[in-house]
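Novice: Mind having a look at this structure? Questions to follow.
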Amino acid sequence: MEKWENCVNSGMYVTGVGVGLGSDKSNVRFGSQAAAQIRQILACERLLPGKSGLSPLIVRALVTRKEPNMFRPRNLTTNKKPWNKGKLLGQKHPLSLKQIWSIRHFLKIEDRRRDLALFNLAIDSKLRACDLLSLRVADVSSDGQVNRRATILQQKTHSPVQFEITYRTRSSIEKWIDTAKLSQTQFLFTSRQHASRHLSLRQYSRIVGSWVKRAGLDPTMYGTHSMRRTKATLIYRQTKNIRAVQLLLGHSKLESTVRYLGIEVDDALEMSEKIDV
C-alpha cells in the first residue's frame, strides 16, 4: 500500500511493470483524473482495510481502461501544428462601400455569375454562412421570379428571420438560375464537385478569400463573417438604430448585436476623436 501511495504522491511517476502495462521499465506519468481516482482507492483501503475489496490490482484495471484522459502519457511529442499558429484571430472587418463595388466590378467583368449572385445575396441577406449556403431556389423565388423578401428558419437559433433582396441582387440571382438551369427544389448555390449538394463552408471560405485577395485586401482581416456584418454595420452607422439591426441579424438579445458589431468600441473612438485637447 505504501508503495502505491508513494507512486501517486511523488510526482505521479510509476514504472510500466508497477501498473501492469507489460515489461516496459520506462517511467510513465498519470493524467490528473487517473491520479485523483487512484487516491480515492487508496483512501478506501486505509479506512476499510481488508473489507473494501479494493487493492492495487484495481489500479491496473483503472489505468488500462480505454477512456479519454484517464491514463495519458505526457512525455509524447507530436508534429501536429496548432490550428491558430501564425493566424490573426478576432472579429473580421466589414466591407466598405468602395470595397463592395470593387468586388462587384471584377465579378461582372469576369462573368462569374454564381459568385456575383452569392456575393450580392450574402451582403443583402446578412445570413450566417450555414443558412446562406442551405438556401434552395424555392426559398427566394416563386413563379419564375425572385421575391423582394424572404423568410427562413435559422439553423443556430431555430427562429425565423426575414431579409430583403434588392433589385441588383434579384437580377444577379435570376441570371444565375437561368445559367445553371436550377429547379425549385435544388440548392441555390450548388457545388461543382457534388451536383446534388450545396457549397460547403470550406468552399465558401475559399471563395470569399479569393474575392478579398482580388480586391487587394488582407485575407486575414476579412472572412465569411465580413459578408454578414457589412450591411448591418452600414445600417447602424447611418441610423444608429441598434434594435433594427438586431432584428435584421436575427439575434435574440440586444447585447449579442452590440458585441457582434463592436459598437461600443467604435462609438467610444468616434466621441474621442471629436474632442480636441
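Novice: When you scan segment 137-168, how many residues do you find that are in a loop (DSSP other than H, G, I, E, B), in contact with a strand residue (DSSP E or B) (Cβ under 9 Å, 6 or more places away or on another chain) and under 14 Å from Gly250 (Cβ atoms)? So that I can check it myself, show each step before the final result.
Specialist: Pass one, segment 137-168, residues in a loop (DSSP other than H, G, I, E, B): 143-144, 147-148, 154-159, 165-166.
Now restrict to residues that are in contact with a strand residue (DSSP E or B) (Cβ under 9 Å, 6 or more places away or on another chain): 147-148, 154, 159, 165.
When the remaining residues are screened for being under 14 Å from Gly250 (Cβ atoms), the result is 154, 159.
Residues in segment 137-168 being in a loop (DSSP other than H, G, I, E, B), in contact with a strand residue (DSSP E or B) (Cβ under 9 Å, 6 or more places away or on another chain) and under 14 Å from Gly250 (Cβ atoms): 2 in total.
Novice: If I go through segment 217-241 residue by residue, how many of them are in a loop (DSSP other than H, G, I, E, B) and in contact (Cβ under 8 Å) with a residue 60 or more places away in the chain? Steps first, please.
Specialist: Step one: of segment 217-241, the residues in a loop (DSSP other than H, G, I, E, B) are 217-223, 240-241.
In the following step, the residues that additionally are in contact (Cβ under 8 Å) with a residue 60 or more places away in the chain were identified as 217, 220-223.
Residues that pass the stated criteria total 5.
Novice: Take the residues in segment 226-266 that are surrounded by 13 or more Cβ atoms within 10 Å (Cβ to Cβ) and of a type in the set (Val, Ile, Thr), then tell me which one is nearest to Asn120 (Cα to Cα).
Specialist: Thr230
Novice: Can I ask one more? Considering segment 195-206 alone, what residues qualify as being surrounded by fewer than 18 Cβ atoms within 10 Å (Cβ to Cβ) and within 23 Å of the chain's Cα centre (by Cα)? Full working, then the answer.
Specialist: Residues of segment 195-206 that are surrounded by fewer than 18 Cβ atoms within 10 Å (Cβ to Cβ), as a first pass: 195-197, 200-203, 205-206.
Hits for segment 195-206 are Arg197, Ser200, Leu201, Arg202, Gln203, Ser205, Arg206.
Novice: Let me ask you something else. Scan segment 91-126 for residues that are of a type outside the set (Lys, Arg) and in contact with a strand residue (DSSP E or B) (Cβ under 7 Å, 6 or more places away or on another chain) and jot them down. Walk me through how you get there before you give the answer.
Specialist: Kept after step one, since they are of a type outside the set (Lys, Arg), are these residues of segment 91-126: 91, 93-97, 99-103, 105-107, 109-111, 115-125.
Correct list: Asp124, Ser125.
Novice: Would you please name the residue that is modelled with the lowest pLDDT, looking only at residues in segment 249-265 that are assigned to a helix (DSSP H, G or I) and touching a Ser or Thr at 6+ places or on another chain (Cβ under 9 Å)? Before the answer, list the steps.
Specialist: To start, the set of residues in segment 249-265 that are assigned to a helix (DSSP H, G or I) comprises 249, 254-261, 263-265.
Going one step further and asking which of them are touching a Ser or Thr at 6+ places or on another chain (Cβ under 9 Å), we end up with 249, 261, 263.
Details: Leu249: 90, Leu261: 80, Ile263: 69.
Looking at residues that are assigned to a helix (DSSP H, G or I) and touching a Ser or Thr at 6+ places or on another chain (Cβ under 9 Å), I get Ile263.
Novice: Within segment 191-200, identify whether any single residue is within 22 Å of Thr157 (Cβ to Cβ), in the same structural domain as Gly144 (by TED's automatic domain parsing) and outside any loop (DSSP other than H, G, I, E, B), and answer yes or no.
Specialist: Scanning segment 191-200, I find at least one residue that is within 22 Å of Thr157 (Cβ to Cβ), in the same structural domain as Gly144 (by TED's automatic domain parsing) and outside any loop (DSSP other than H, G, I, E, B), so the answer is yes.
Novice: Same structure again: Is there any pair linking a residue in segment 102-124 that is in contact (Cβ under 8 Å) with a residue 40 or more places away in the chain to one that is among the small types (Gly, Ala, Ser) and not in a helix (DSSP H, G or I), with Cβ under 9 Å and at least six apart or on different chains, and which?
Specialist: The qualifying pairs are Ser102/Ala215; Ser102/Gly216; Ile103/Ala215; Phe106/Ala215.
Novice: Hey, could you check segment 160-195 for residues that are among the hydroxyl-bearing types (Ser, Thr, Tyr) and at pLDDT below 90 and say which is farthest from Leu118 (Cα to Cα)? First the steps, then the outcome.
Specialist: The initial filter retains those residues of segment 160-195 that are among the hydroxyl-bearing types (Ser, Thr, Tyr), namely 166-167, 169, 171-172, 179, 183, 185, 190-191.
Retained after the next criterion (residues that are at pLDDT below 90): 190-191.
On the way: Thr190: 11, Ser191: 12 Å.
Ranking the candidates gives Ser191 first.
Novice: Here is a further query. Quick check on segment 203-211. Is at least one of its residues among the hydrophobic types (A, V, I, L, M, F, W, C) and in contact with a Gly (Cβ under 7 Å, 6 or more places away or on another chain)? Full working, then the answer.
Specialist: If we filter segment 203-211 for residues that are among the hydrophobic types (A, V, I, L, M, F, W, C), which is where we start, we get 207-208, 211.
Right, trim to in contact with a Gly (Cβ under 7 Å, 6 or more places away or on another chain) and you get 208.
Taking every residue of segment 203-211 in turn, at least one turns out to be among the hydrophobic types (A, V, I, L, M, F, W, C) and in contact with a Gly (Cβ under 7 Å, 6 or more places away or on another chain).
The values are calculated or read from the model by the stated rules, or taken from the named source; none is laboratory data. This structure is a prediction, so every number in the text was calculated from the model and none was measured. Note that we place each Cβ from the backbone using ideal geometry, even for glycine, and neighbour counts take in every protein chain shown.
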